[in-house]
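A short write-up of the structure that comes next.
The values are calculated or read from the model by the stated rules, or taken from the named source; none is laboratory data. Predicted, not measured: the structure shown is a model, and the values here were computed from it. So basically every Cβ, Gly included, is an ideal-geometry build from the backbone, and we count neighbours across all protein chains shown. All accessible areas refer to the heavy atoms of the entire protein, side chains included, with ligands and DNA or RNA removed. Shrake-Rupley method; radii C 1.70, N 1.55, O 1.52, S 1.80 Å.
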Amino acid sequence: MTDKKARLTVDGQDTSVELPIYESAVGPNVIDVTSLTKNGFFTYDPGFMSTASCESQITFIDGGKGVLLHRGYPIDQLAEHSDYLETCYLLLKGELPNQEQKQHFVQAVKDSSEVASSVANLIQSFPKEAHPMAVMCSAVAALAAVYNDEIDITKEADRDQTAYRLIGQMPTLAAMTYKHLKGEDFVASNPALDYAANYLNMTFGKSTDDKVSPVLAKAMDRIFLLHADHEQNASTSTVRLSGSSGTNPFAAIAAGISTLWGPAHGGANEAVLNMLEEIGSVDNIDTYVAKAKDKADPFRLMGFGHRVYKNFDPRAKVMKQAADEVLSELGLENDPLLAIAKKLEKIALEDEYFIQKKLYPNVDFYSGIIMKALGIPTEMFTVIFATGRAVGWYAHWDEMVSKPYKIGRPRQLYTGYTQRDYPA
Ligand code: CMC
């Protein structure tokens with residue numbers, strides 16, 4: 001708390017309401033408006049443009065400067081020096097692990113990666129044309145049925161065990177979903193492989209012992225890492241709100257998966273590829289850029305713009321570099337769809353409309369390109385985002401429930417009918 005106070009004066013009232021100001025470690029301070037309700041007011045902030053919904057120590061974003069820090073560490077440094085599981089530990093525990101802690105964490109995640117047969121059967125019960133995000137959402141919700149009696153959320157050991165299960169089983173569920181929708185047999189987890197390599201093998205392999213390209217495994221690990229957390233975005237806020245009722249954590253994560261699916265959020269990576277296919281040729285780019293700028297046309301350039309980043313998306317910077325590496329490794333620099341993506345990026349970056357509105361390519365633009373190059377089917381893109389993000393959702397849920405918390409319960413500006421009598 002600072003000594004400074006905000007004072008709110010309302011027209012026609014003599015007294016002003018004094019509101020405490022809390023100091024952030026970095027970034028804007030916040031005004032505590034909880035006492036306003038006693039004074040007969042609610043705050044109104046649709047889309048939560050100016051609302052800090054919680055106190056958190058996990059991730060910091062400065063959208064104006066293009067900064068993203070996990071527990072203080074810049075995302076580009078983590079992408080260069082760390083790996084996904086180490087970053088998971090950092091997000092969950094607050095510090096980088098020492099060697100012993102890391103080994104223990106990696107082993108615990110591996111040991112928890114096997115999916116219950118009831119959940120595997122559930123995945124197999126879905127029609128082959130189902131969207132994989134719908135299947136994932138159901139499969140993760142089903143983990144709540146498998147583990148409900150075993151989780152006491154007030155106990156740290158239970159919460160740790162749940163983290164291992166979630167992080168361990170997300171790639172297994174994602175791979176099973178893919179295999180089922182393709183009509184192929186599941187490939188069992190290989191404990192000798194690293195996390196990302198194992199995911200690729202369970203997804204694209206034919207047997208547990210298949211070889212996985214280290215370049216592709218590294219790119220996959222980086223995709224998971226770059227998606228690991230992003231503070232109070234729509235899906236994370238959903239997980240916190242859902243979890244605030246004291247529900248089973250897997251049920252709360254399933255709610256987050258549902259939120260991520262939408263094209264304004266994680267579904268944008270799939271939408272980017274669909275858009276590139278719709279554009280079809282570099283000759284059509286100008287038409288689509290014009291559509292995106294036309295207020296009467298609902299079309300938007302998918303993979304451009306961000307609620308928070310108004311300079312550049314630091315994840316996109318790292319992802320672009322990874323995309324260039326993967327494309328050259330795979331000899332795909334001349335792929336026609338990727339040529340459209342490159343040209344579109346160039347045109348949009350030079351266009352006054354995009355410059356003025358500070359619309360830069362976001363992480364989904366480049367992750368879509370890289371996943372396409374890796375041969376991952378478009379409809380699986382958001383599943384991969386969800387797999388990487390699971391730890392972020394969980395870290396925020398864990399941070400919330402490990403201290404006293406209140407159920408989330410927003411209020412409203414009611415503009416409907418006042419009371420009226422039922423017609424006699
Ligand atoms: N193409 C064309 N115009 C755009 C775009 C776009 N992609 N994004 C925003 N605008 C315009 C918008 O029309 C508005 O114009 P005006 O001020 O004249 O009304 C202005 O820019 C501000 O847009 P907004 O919708 O008010 O901004 P927002 O913060 O509510 O939305 C967004 C952010 C990400 C939903 C939006 O930029 C968008 O729809 N982008 C495309 C979808 C996308 O790539 N989403 C992935 C986000 S990053 C991954 C993640 O974290 O989930």
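Pairs please, first residue from the stretch 146-167 and under 23 Å from Ala228 (Cβ atoms), second anywhere and among the aromatic types (Phe, Trp, Tyr) and assigned to a helix (DSSP H, G or I), Cβ atoms under 6 Å, 6+ apart in sequence or on different chains.
Qualifying pairs under 6 Å: Ala163/Tyr394; Leu166/Tyr394.
Restricting the search to the stretch 63-77, which residues are under 9 Å from Asn311 (Cα atoms) and small (Gly, Ala, Ser)?
If the condition is that a residue be under 9 Å from Asn311 (Cα atoms) and small (Gly, Ala, Ser), then Gly63, Gly64, Gly66 are the ones that fit.
Within the stretch 324-341, how many residues are touching a residue at least 40 places away in the same chain (Cβ under 8 Å) and farther than 25 Å from Thr287 by Cβ?
Residues in the stretch 324-341 being touching a residue at least 40 places away in the same chain (Cβ under 8 Å) and farther than 25 Å from Thr287 by Cβ: 6 in total.
Listed here are the residues, each with its yes/no results for (1) assigned by TED's automatic domain parsing to the domain that holds Tyr199; (2) open to solvent by 40 Å² or more (accessible area, probe 1.4 Å); (3) of a type outside the set (Gly, Ala, Ser); (4) not in a strand (DSSP E or B).
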residue: Phe60; (1), (2), (3), (4): no, yes, yes, no
residue: Leu68; (1), (2), (3), (4): no, no, yes, no
residue: Glu80; (1), (2), (3), (4): yes, yes, yes, yes
residue: Leu85; (1), (2), (3), (4): yes, no, yes, yes
residue: Tyr89; (1), (2), (3), (4): yes, no, yes, yes
residue: Leu92; (1), (2), (3), (4): yes, no, yes, yes
residue: Glu95; (1), (2), (3), (4): yes, yes, yes, yes
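State all residues of the stretch 258-274 that are assigned to a helix (DSSP H, G or I) and open to solvent by 10 Å² or more (accessible area, probe 1.4 Å); if no residue qualifies, say none.
Listed by number, the residues that qualify are Ser258, Thr259, Glu270, Ala271, Asn274.
Quick grid of which residues meet (1) more than 26 Å from Ala163 (Cβ to Cβ); (2) of a type in the set (Gly, Ala, Ser); (3) not in a helix (DSSP H, G or I):
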position	(1), (2), (3)
Leu349	yes, no, no
Tyr353	yes, no, no
Lys358	yes, no, yes
Phe365	yes, no, no
Gly368	yes, yes, no
Ile376	no, no, yes
Ile384	no, no, no
Thr387	no, no, no
Val391	no, no, no
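Mind listing just one residue for me: the one in the stretch 252-293 that is touching a residue at least 60 places away in the same chain (Cβ under 8 Å) and charged (D, E, K, R) and, of those, farthest from the ligand (Cβ to nearest atom)?
Selected residue: Glu277.
If you check every pair at least six apart or on different chains, which have Cβ atoms under 7 Å apart with a residue in the stretch 119-133 that is part of a loop (DSSP other than H, G, I, E, B) first and a residue that is open to solvent by 70 Å² or more (accessible area, probe 1.4 Å) second?
The qualifying pairs are His131/Glu379.
Can you confirm whether Leu344 is part of a helix (DSSP H, G or I), in contact (Cβ under 8 Å) with a residue 24 or more places away in the chain and either more than 13 Å from the ligand (Cβ to nearest atom) or among the charged types (D, E, K, R) (or both)?
Here the answer is no, as Leu344 does not meet what is asked.
If you take the residues in the stretch 192-235 that are more than 21 Å from Val109 (Cβ to Cβ) and within 16 Å of the ligand (Cβ to nearest atom), which one is surrounded by the most Cβ atoms within 10 Å (Cβ to Cβ)?
Applying the filter and picking the extreme gives Ser235.
Is it fair to say Glu18 is in a helix (DSSP H, G or I) and open to solvent by 30 Å² or more (accessible area, probe 1.4 Å)?
When the stated conditions are applied, Glu18 does not pass them.
Out of the residues in the stretch 32-45 meeting the condition of being at pLDDT 95 or above and open to solvent by less than 90 Å² (accessible area, probe 1.4 Å), tell me which one is nearest to the ligand (Cβ to nearest atom).
Of everything passing the filter in the stretch 32-45, Asp45 is nearest to the ligand (Cβ to nearest atom).
Within the stretch 294-316, count every residue that is more than 7 Å from the ligand (Cβ to nearest atom), basic (Lys, Arg) and either open to solvent by 70 Å² or more (accessible area, probe 1.4 Å) or in a loop (DSSP other than H, G, I, E, B) (or both).
1
Looking at Phe60, Phe105 in this structure, which one is closer than 27 Å to Ala322 by Cα and within 16 Å of the ligand (Cβ to nearest atom)?
Among Phe60, Phe105, only Phe60 is closer than 27 Å to Ala322 by Cα and within 16 Å of the ligand (Cβ to nearest atom).
Can you list residue pairs whose Cβ atoms sit under 6 Å apart, with the first residue in the stretch 206-225 being closer than 20 Å to Gly331 by Cα and the second being part of a helix (DSSP H, G or I) and open to solvent by 50 Å² or more (accessible area, probe 1.4 Å)? Count only pairs 6 or more apart in sequence or on different chains.
That search, which allows pairs on different chains as well, returns Val215/Glu329.
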